[in-house]
Amino acid sequence: MRRLMTITAACVIAAAGAPAAALPPEPLIAEAVDASPMVMAAKADLDRARATARRLRVGDYEVVVSGSGGRRTVDDPGAGESEYTEWNAGLSRTMRLPGKRSADKKLASLEIEKANAAYARARRDALLEFVTLWTDWRAAVDASKTARRLADDALELADAEGKAVDLGASRRIYVDQLRAEAGLLSLEADRKTIEAENAKANLAAAFPDLVMPAKPGALDWDEARIAALLMETEMAKSATVREARLALDQMEAKAKRVRLDRLPDPTFGVQVANEFGGNETSIMATVSIPLSGRARSAAAAEAGSQAVAAAARLRAAELDAARRYDQAKRAARLASKNLNNAENSVITARDAMDRLKKGYAMGAVNLSDLTTTRRTLMMTEQALVDYRVAAERAYLTLAVLNNGFAAPASHGQF
């Protein structure tokens, strides 16, 4: 366990033994993530949330101006026909009943809080996407280097065998076999080079503002940071859970607001009328109250059901967040162990290869044994590449879930 938790950044050592350049600084990664399309979309939704909050606070309670005018014709048998100009004008406004204003203010606040939580969740998802794409690129580049080095080794061995043929110490068939194998390994190296270029293009497309290095650097975390990461016992607050909890609060607030709407808001107004050309004038106060019907009752039931569904989604989000965190933690610890085993396997395979090369040069080892050992070395070195990148991905994923990687420049609410 001590070896597991105190493993140093073995993932920074390249398969060839030379350390790669470091991962880009976290502030630069944070800037690139914040400028990515997926995060920019969530940030834009904050403006929508602010506008929605303003609408909720004000409500649909505006002053309504009404007016009408026309000509009245009166046909009086005694006085003859008379025409009059008439008009009327009025003002009215629906008044929020007590309790509804505070409910609307709460809904407005929840709208902004939920948008902030959605932004935090989108940013975390973008960071996880960065980790995936970055380590995909790392794996592809390292695999390409390994394949190219093995192809070069095979070609070097073929050349050495060709010299032995010239001296009469070997057979041409061995040279042909070695050159054929070197050709296949070279084709594999070319394929992996294309995969590395595609992985780089995927990363650049997802994070266009990221300053792309010539080659992907290894994780440069020190022993203390990795040990602390693996020893974490509590999960950090999940943005997804917070968003789900706020969604539940929002649904409950909406359900309360809809229940309040079962008592309709009254509309008060005043009207001024001028009739018979000014012979009759009137000022009237008006009040109207809609009658609550089945639609309002159905809306209340609908809102209540939505709140129940939101509670279920919150529980699902909590379970999923705990599952993902535990899974990430187990993956990080297992990756440390596997990486250590893979490094030992490569050391053993390299020692065996060196001994066989010397034995082959002395004529004590046949070519079949040599090529079989080289294939074993190839597989162990490729496994080391895979386990190294898997460790990096596991460490970074766990750090993102713990809010411990590429934090935003500002932690305030938007």
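Here are the numbers for this structure:
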| quantity | calculated |
| --- | --- |
| Charge dipole of region 129-276 about the Cα centre (unit charges at C-beta), most positive-ward option of Val141, Val175, Gly269 | Gly269 |
| Candidates Lys254, Lys163, Lys237: whichever shows maximal mean-square fluctuation once the chain is modelled as a Gaussian network with Cα springs under 10 Å | Lys163 |
| Simple Cβ-charge dipole of the chain, Lys/Arg +1 and Asp/Glu -1, about Cα centre, in debye nearest 20 | 1460 debye |
| Accessible carbon and sulfur surface of region 305-414 relative to its total accessible area, %, 1.4 Å | 56 percent |
| Degrees, to the nearest 10: 100-166 long Cα axis against longest axis of the chain | 20 degrees |
| Potential extension, Arg294-Arg101 segment - 0.36 nm per residue separation minus Cα distance | 67.1 nm |
| All lysines inside 16 Å of Lys200 as judged from Cα atoms, apart from same-chain residues fewer than 8 positions distant | Lys145, Lys192, Lys215 |
| Proximal charge balance of Asn198 [Cβ under 12 Å; K/R count +1, D/E count -1] | 0 |
| Whole-Å semi-axes of the ellipsoid equivalent to region 360-406 (Cα gyration tensor, √5λ, descending) | 42, 7, 5 |
| Nitroxide proxy distance, nm - points 7 Å out along Cα→Cβ at Ala312 and Lys358 | 7.0 nm |
| Neighbour-limited loop hits for GluC sites (Glu not before Pro), region 185-283 (at most 13 other Cβ within 10 Å; DSSP other than H, G, I, E, B) | Glu234 |
| Loop GluC sites (Glu not before Pro), region 22-103 (other Cβ atoms within 10 Å of the site Cβ: 12 or fewer; DSSP) | Glu62 |
| Accessible area of the chain divided out per residue, in Å², using a probe of 1.4 angstrom | 55 Å² |
| Rg to Rh quotient for region 212-324, alpha carbon positions, Kirkwood Rh | 1.45 |
| Environment charge of Asp136, counting only residues whose C-beta is closer than 10 Å and scoring Lys/Arg +1, Asp/Glu -1 | +2 |
| Within the chain, percent of DSSP bridges classed antiparallel, to nearest 5 | 95 percent |
| Local electrostatic count, Asn274, Cβ distance below 15 Å [Lys/Arg +1, Asp/Glu -1] | -2 |
| Rounded percent of accessible protein surface that carbon and sulfur make up, region 130-237, 1.4 Å probe | 55 percent |
| Percentage of interatomic Cα-Cα distances in the chain larger than 37 Å | 53 percent |
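The values are calculated or read from the model by the stated rules, or taken from the named source; none is laboratory data. Since this is a predicted model, take the numbers as computed values, not measurements. Neighbour counts run over all protein chains shown; Cβ positions are idealised from the backbone, glycine included. Quick note on the areas: whole protein, heavy atoms, side chains included, nothing else; ligands and nucleic acids left out. Shrake-Rupley method; radii C 1.70, N 1.55, O 1.52, S 1.80 Å.
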